[in-house]
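*Asks:* Sharing a structure with you now.
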Amino acid sequence: ALKLHERTNLPMSVFAYPNDAPIRESSQRLTAKLEELHRRYPSSAVSLVTHSMGSLVARAAIELGDRTSKPPRATFTSRTGVDQLIQICPPNHGSALAEYGPLLEGAEQLHRLINRGGDKRSRLLLRMITDGFNEAPADLQPGSEFLTELNRCQRNGAVRYTILAGNDGPLLPGVSLLLDEVWGQVALLVEEPAFLDRRVRELLGCAELKKGSGDGVVSLDSARLDGVEDFEILNMHHLTWNELDSRAGQKLIVGIASRLGISL
C-alpha cells in the first residue's frame with residue numbers, strides 16, 4: 001500500500017483483519033470501518049484495492065452486506081461510499097490448495113529444518129502455497145458454504161469491478177517441480193510415504209500451480225467472476241503484490257493506477 005501511495009500520491013488507508021477468522025466476520029468489520037470513514041468524509045468515493053483473500057472480504061462487504069438488517073443495495077452502498085473494487089489474484093471460486101493447509105504448513109517447517117539454504121524457486125513455491133492459504137481454509141475451499149452464498153449474489157451495480165489475475169505459476173507444463181527435492185525429503189520422515197506421495201502428486205496437478213493457468217495459489221478460472229468485464233491477465237505470481245519493485249510488480253502498479261484514473 002505504501003508503494004502504491006508513493007506512485008499515485010492518493011490518500012490511502014490499510015484495513016487489517018485476522019487472517020484465520022471466518023471471511024464473513026472480517027467483511028462485517030470492514031463494513032463498519034467503511035461506514036466510519038464515510039461518515040468522516042461523506043463526499044469522498046472509496047476505491048478498494050484488494051489481494052487474495054482480502055478480495056473476498058471486500059466482495060462480501062459490498063455484495064452480501066449486513067443480511068440481518070437487509071438494507072436496500074443502494075442504501076448500503078451510500079453508507080460506505082464504495083464505488084470501485086480492484087481485485088488482485090482473487091480466489092473468487094476458492095482454491096484447491098486450501099485443503100492441503102496442514103500438509104503444506106508441515107512441509108514448509110520440515111523444509112526449513114532440512115534445507116536451510118535451498119533452491120530459490122523451491123522456497124518461492126512453498127511461500128506461495130503456505131503464506132496466506134492457511135487463512136480461513138474452510139471458507140476458501142471450492143464449493144464451501146461461504147463461497148456458495150457469496151457467488152449467488154449479483155455484482156453491486158454501484159461499484160466498478162476490476163480483476164487482475166496472474167498466470168506465472170511455478171510449475172512448467174509436464175514438470176513435477178520439487179517432487180524429489182522437497183517432498184522426497186519429507187516422505188523420509190513420515191509413517192506413510194506412499195499416501196504422502198499420492199497426495200503430493202494430486203497437489204502438483206492443480207491448475208493453481210501450473211504456469212499459464214494459475215498464479216501459484218489461484219487458478220485463472222477461479223479468479224474470473226460473472227458480470228466483471230474488466231479482467232486482465234498479468235505475468236505475475238501470487239506474491240507479486242509483496243514484490244512491487246520487481247518488473248512484474250511495476251506492471252501491476254501501472255494496471256492498478258490506470259483503473260484509478262492515473263497515468264504513470
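The values are calculated or read from the model by the stated rules, or taken from the named source; none is laboratory data. Here the structure is a predicted model, which is why all the values come from computation and not from measurement. When we count neighbours, we look across all protein chains shown, and the Cβ atoms used for this are built from the backbone with ideal geometry, even at glycine. Keep in mind that these areas ignore ligands, DNA and RNA; they rest on the heavy atoms of the full protein, side chains included. Shrake-Rupley method; radii C 1.70, N 1.55, O 1.52, S 1.80 Å.
*Asks:* Suppose we keep only residues that are assigned to a helix (DSSP H, G or I) and loosely packed, with under 13 Cβ neighbours inside 10 Å within the stretch 189-213. Which one would you say is modelled with the highest pLDDT? Before the answer, list the steps.
*Replies:* Within the stretch 189-213, the subset assigned to a helix (DSSP H, G or I) is 193-204, 207-209.
With loosely packed, with under 13 Cβ neighbours inside 10 Å added as a condition, the list becomes 194-195, 198, 201-202.
Values: Ala194: 69, Phe195: 68, Arg198: 71, Arg201: 68, Glu202: 75.
Checked the stretch 189-213; the qualifying residue modelled with the highest pLDDT is Glu202.
*Asks:* Separate question: For the stretch 222-264, what are the residues that are among the aliphatic types (A, V, I, L, M) and under 18 Å from Lys211 (Cβ atoms)?
*Replies:* Of the residues in the stretch 222-264, the ones among the aliphatic types (A, V, I, L, M) are 223, 225, 228, 233-234, 236, 239, 244, 248, 252-254, 256-257, 260, 262, 264.
Scanning the stretch 222-264 gives Ala223, Ile233, Leu234, Met236, Leu239, Ala248, Leu252.
*Asks:* Here's something else I'd like to know. Restricting to the stretch 2-48, count the residues that are open to solvent by less than 50 Å² (accessible area, probe 1.4 Å) and either more than 20 Å from Arg79 (Cα to Cα) or of a type in the set (Val, Ile, Thr) (or both).
*Replies:* 7
*Asks:* Limited to the stretch 127-175, what total is found for residues that are open to solvent by less than 40 Å² (accessible area, probe 1.4 Å), in contact with a strand residue (DSSP E or B) (Cβ under 6 Å, 6 or more places away or on another chain) and either over 24 Å from Gly205 (Cβ atoms) or modelled with pLDDT under 70 (or both)?
*Replies:* 5
*Asks:* Taking the stretch 214-232 on its own, how many of its residues are buried (at least 24 other Cβ atoms within 10 Å of the Cβ) and either over 14 Å from the mean Cα position of the chain (by Cα) or not in a helix (DSSP H, G or I) (or both)?
*Replies:* 6
*Asks:* If a residue has to be in contact (Cβ under 8 Å) with a residue 12 or more places away in the chain and either surrounded by 13 or more Cβ atoms within 10 Å (Cβ to Cβ) or of a type in the set (Phe, Trp, Tyr) (or both) to count, how many in the stretch 233-264 make the cut?
*Replies:* Residues in the stretch 233-264 being in contact (Cβ under 8 Å) with a residue 12 or more places away in the chain and either surrounded by 13 or more Cβ atoms within 10 Å (Cβ to Cβ) or of a type in the set (Phe, Trp, Tyr) (or both): 21 in total.
*Asks:* Go through the stretch 1-25 and give me each residue that's in contact (Cβ under 8 Å) with a residue 40 or more places away in the chain, within 18 Å of the chain's Cα centre (by Cα) and assigned to a helix (DSSP H, G or I).
*Replies:* Residues satisfying the conditions are Leu4, Ile23, Arg24.
*Asks:* For the stretch 230-248, name all the residues that are under 17 Å from Thr162 (Cα atoms) and either aliphatic (A, V, I, L, M) or at pLDDT 95 or above (or both).
*Replies:* Result: Asp230, Phe231, Glu232, Ile233, Leu234, Asn235, Met236.
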